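The values are calculated or read from the model by the stated rules, or taken from the named source; none is laboratory data. Bear in mind the structure is a predicted one, so any value in this text is a computation, not a measurement. Positions of Cβ are backbone-derived with ideal geometry, glycine not excepted, and every protein chain shown enters the neighbour counts.
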Amino acid sequence: MVLLVELVTLGSFLVCVLHALAVKGRDGIWFFGALLGLGLVRENFVAWYRLLYEYGEFTLQAGFAPVIGAVIWGYSIYLASVWAEVVAARGTEPPRPNSIGFLFAAALFMMALACFYEPFLQLMGMARWQEGTRSTGGVPWIALVGYPSLTVGFFLAWEWSRQRPSWSRLGRLTAALLSLAFVHAIGLQALKELLGW
């Protein structure tokens, strides 16, 4: 059953990549490449240092983390961007990913997604949060902070890179996104411990 979920997740990721290519062209592929890198680093760091939660048994691995953990950020944040573009639209032009309306809509989408993902992950035994993590209805409170914080951080970093980036600018974006993945994971763990969540 877990392998089926892994394959469905990979399929969803690829569908979103194709959609991004069809709608945004080459920029959509860069967008997904950045999201995939962010997910790979973040989930491997969490798994390697046993921060926040541990994974159950998975078939498909990407380093220390399961592939499902690495790619789920990519298509989830992409879906948040599609949702936010519709919700925050003012006129015919889609909103910029650094506008307050866009970021607020994307953050709300990711919080709602956490309320779906987390009980499902618990039910399937796919992720086990640290003992004592506060939760309601299977949703860890810290997840309601984590999902939107990584998403908003990603959009801000991506928007910063948008002025037809040169290779050096793309290199700086990559460094910024990798740093964001590390800081996000460590920061969530620190916040969780500070608040007793």
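List pairs: first in the range 1-28 and more than 16 Å from Gly39 (Cα to Cα), second small (Gly, Ala, Ser) and not in a helix (DSSP H, G or I), Cβ under 9 Å, 6+ apart or cross-chain?
From the range 1-28, the pairs are Val2/Gly56; Val2/Gly125.
For the range 109-130, give me each residue that is touching a residue at least 12 places away in the same chain (Cβ under 8 Å), of a type outside the set (Phe, Trp, Tyr) and either in a helix (DSSP H, G or I) or surrounded by fewer than 16 Cβ atoms within 10 Å (Cβ to Cβ) (or both).
If the condition is that a residue be touching a residue at least 12 places away in the same chain (Cβ under 8 Å), of a type outside the set (Phe, Trp, Tyr) and either in a helix (DSSP H, G or I) or surrounded by fewer than 16 Cβ atoms within 10 Å (Cβ to Cβ) (or both), then Met110, Met111, Leu113, Ala114, Cys115, Glu118, Pro119, Gln122, Leu123, Met124, Gly125, Arg128 are the ones that fit.
Among the residues that make up the range 92-107, is at least one of them loosely packed, with under 14 Cβ neighbours inside 10 Å, touching a helix residue (DSSP H, G or I) at 6+ places or on another chain (Cβ under 7 Å) and under 25 Å from Val8 (Cβ atoms)?
No: the range 92-107 contains no residue that is loosely packed, with under 14 Cβ neighbours inside 10 Å, touching a helix residue (DSSP H, G or I) at 6+ places or on another chain (Cβ under 7 Å) and under 25 Å from Val8 (Cβ atoms).
Scan the range 45-57 for residues that are touching a Leu at 6+ places or on another chain (Cβ under 8 Å) and either within 20 Å of Leu10 (Cβ to Cβ) or among the hydroxyl-bearing types (Ser, Thr, Tyr) (or both) and report the count.
So the count comes out to 1.
Answer with yes or no whether Gly69 is in a helix (DSSP H, G or I), touching a strand residue (DSSP E or B) at 6+ places or on another chain (Cβ under 7 Å) and modelled with pLDDT under 95.
Details: in a helix (DSSP H, G or I): yes; touching a strand residue (DSSP E or B) at 6+ places or on another chain (Cβ under 7 Å): yes; modelled with pLDDT under 95: yes.
Criteria met by Gly69.
Tally up the residues in the range 53-108 that are without any contact (Cβ under 8 Å) to a residue 40 or more places away in the chain and aromatic (Phe, Trp, Tyr), please.
Of the residues in the range 53-108, 3 are without any contact (Cβ under 8 Å) to a residue 40 or more places away in the chain and aromatic (Phe, Trp, Tyr).
Would you confirm whether or not the range 161-175 contains a residue that is exposed (fewer than 14 other Cβ atoms within 10 Å of the Cβ), within 27 Å of Met1 (Cα to Cα), within 19 Å of the chain's Cα centre (by Cα) and without any contact (Cβ under 8 Å) to a residue 60 or more places away in the chain?
The answer is no, given that none of the residues of the range 161-175 is exposed (fewer than 14 other Cβ atoms within 10 Å of the Cβ), within 27 Å of Met1 (Cα to Cα), within 19 Å of the chain's Cα centre (by Cα) and without any contact (Cβ under 8 Å) to a residue 60 or more places away in the chain.
Quick one: count up the residues across the range 147-172 that are farther than 23 Å from Ala105 by Cβ and in a helix (DSSP H, G or I).
Residues flagged as farther than 23 Å from Ala105 by Cβ and in a helix (DSSP H, G or I) within the range 147-172 amount to 6.
Can you find even one residue in the range 64-85 that is exposed (fewer than 15 other Cβ atoms within 10 Å of the Cβ), over 13 Å from the mean Cα position of the chain (by Cα) and not basic (Lys, Arg)?
Let us first name the residues in the range 64-85 that are exposed (fewer than 15 other Cβ atoms within 10 Å of the Cβ), namely none.
The answer is no, given that none of the residues of the range 64-85 is exposed (fewer than 15 other Cβ atoms within 10 Å of the Cβ), over 13 Å from the mean Cα position of the chain (by Cα) and not basic (Lys, Arg).
Tell me whether the range 35-54 contains one or more residues that are loosely packed, with under 15 Cβ neighbours inside 10 Å and not in a loop (DSSP other than H, G, I, E, B). Can you show your working first?
Quick first cut of the range 35-54, residues loosely packed, with under 15 Cβ neighbours inside 10 Å only: 48-50, 54.
Keeping just the survivors that are not in a loop (DSSP other than H, G, I, E, B) gives 48, 54.
Checked the range 35-54: at least one residue is loosely packed, with under 15 Cβ neighbours inside 10 Å and not in a loop (DSSP other than H, G, I, E, B).
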